[in-house]
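Have a look at this one before I ask anything.
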């Protein structure tokens, strides 16, 4: 047999793809392209509609402010409310995820996981109504006066305390409840992915359960927790109705979390002012939406990069 006739030199037949495989592959590819096209269409719409706000003089509008002077308090309020929600939700979410994954009995863990996932299905307007009707009065009558009396030397609790509870801390607490299931669900799945060998090796060295979690589970799930926190932050940045219902907004920049005067968020400001706006006012609101779009896109992009890096490292 010559070299040319050797079986390894013969052309290999291409694998035959079944109709179902071709349909599934085409559908998946089309869905991915559709997502990119939709994202590009949204970005193009925001840029084209916001462009007049960047190129025209906006000082003739109400407030007599440039676009930067108009959007800066809104950006500040959006970041303040979202970071406050993340600070409240992240420790609680990690604790709940650890309890469900490593402490709770199996049946109880399944029930708790179901209810945690169910929290994500509650509409934001329901959270807003709960916040203004139940949480705000409770915090205004009990928590805010205590914070002003005992921690008033800190700028966050300087006061005067809100008597109605329509304060930034109330909005941040409601946002924390809203992003809690997102962070908890991702953290729980990451903690459950911890290799059993790591946990057994730590316990074999006479470590307690908490020491095993600190040595094996938390380091392994660090990137997942961070990515879940970033995704929760992205959800909080874009929240509209709950914040619009609760906050008593003003055109200010302040770190005071318990007073009646609060900076507004971009999403809530658009929802409240868009129905009555016209002309350049609409373009200015859309321009603030473009800023929010860029902020949310950046946060979710960072979260995806962290998640991919973490899962790649865990697979290696």
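Take residue 103 and residue 57, extend 7 Å from each Cα along the Cα→Cβ direction, and tell me the distance between the two endpoints in nm.
Using points 7 Å along Cα→Cβ, the separation is 6.3 nm.
With the Cα gyration tensor of the chain giving a ≥ b ≥ c as the square roots of its eigenvalues, does the rule (a/c under 1.5 for rounded; else a/b larger than b/c for prolate; else oblate) give rounded, prolate or oblate?
Oblate.
For the range 248-286, list residues with backbone N below 20 Å from a point placed 7 Å from the Cα of residue 45 toward its Cβ?
Hits in the range 248-286 for residue 45 at 20 Å: 266-286.
Using the Cα atoms of the range 181-294, I'd like the radius of gyration and the largest Cα-Cα distance, Dmax, both in angstrom.
Taking only Cα atoms of the range 181-294, I get Rg and Dmax of 21.8, 70 Å.
Can you tell me how much longer the chain between residue 297 and residue 33 gets when fully stretched, taken as 0.36 nm per residue apart minus their C-alpha distance, in nm with one decimal?
93.3 nm
Calculate how steeply helix 19-55 sits against the longest principal axis of the alpha-carbon atoms of the chain, using the helix alpha-carbon long axis, and give the answer as 0 to 90 degrees to the nearest 10.
Its long axis makes an angle of about 30 degrees.
Right, something else. How big is the Rg/Rh ratio for the range 90-222, C-alpha atoms only, Rh by Kirkwood, two decimals?
1.11
Using only the Cα atoms of the range 17-156, what are the Rg and Dmax in Å?
24.0, 73
Sticking with this structure for a sec: On a 0 to 90° scale, report how tilted helix 106-119 is relative to the longest principal axis of the chain, with both axes built from alpha carbons and the result rounded to the nearest 10.
50 degrees
Which whole-number percent gives the relative contact order of the chain, counting Cα pairs below 8 Å spaced six or more residues apart?
27 percent
While we're looking at this one, here's another question. Across 10 Å bins from the origin, how do the percents of Cα pairs in the range 90-133 run, short distances first?
26, 40, 27, 7
Could I have the simple spin-label model distance between residue 133 and residue 146, label points 7 Å from Cα toward Cβ, reported in nm to one decimal?
Distance between label points: 2.6 nm.
How tilted is helix 222-237 with respect to the longest principal axis of the chain? Cα atoms for both, answer in degrees (0 to 90, nearest 10).
40 degrees
Another question about this same structure. Mind ranking 163-173, 200-210 by how tightly packed they are, going by the mean number of other C-beta atoms within 10 angstrom, highest first?
Answer by packing, highest mean first, reads 163-173, 200-210.
Quote the FRET efficiency, to the nearest 0.05, computed for residue 272 versus residue 68 with a Förster distance R0 of 22 Å and r equal to the Cβ-Cβ distance.
After rounding, the FRET efficiency stands at 0.60.
Since every read-out is calculated from the coordinates, none of them should be taken as a lab result. Since this is a predicted model, take the numbers as computed values, not measurements. Note that each Cβ is placed from the backbone with ideal geometry, even for glycine, and that neighbours are counted across all protein chains shown.
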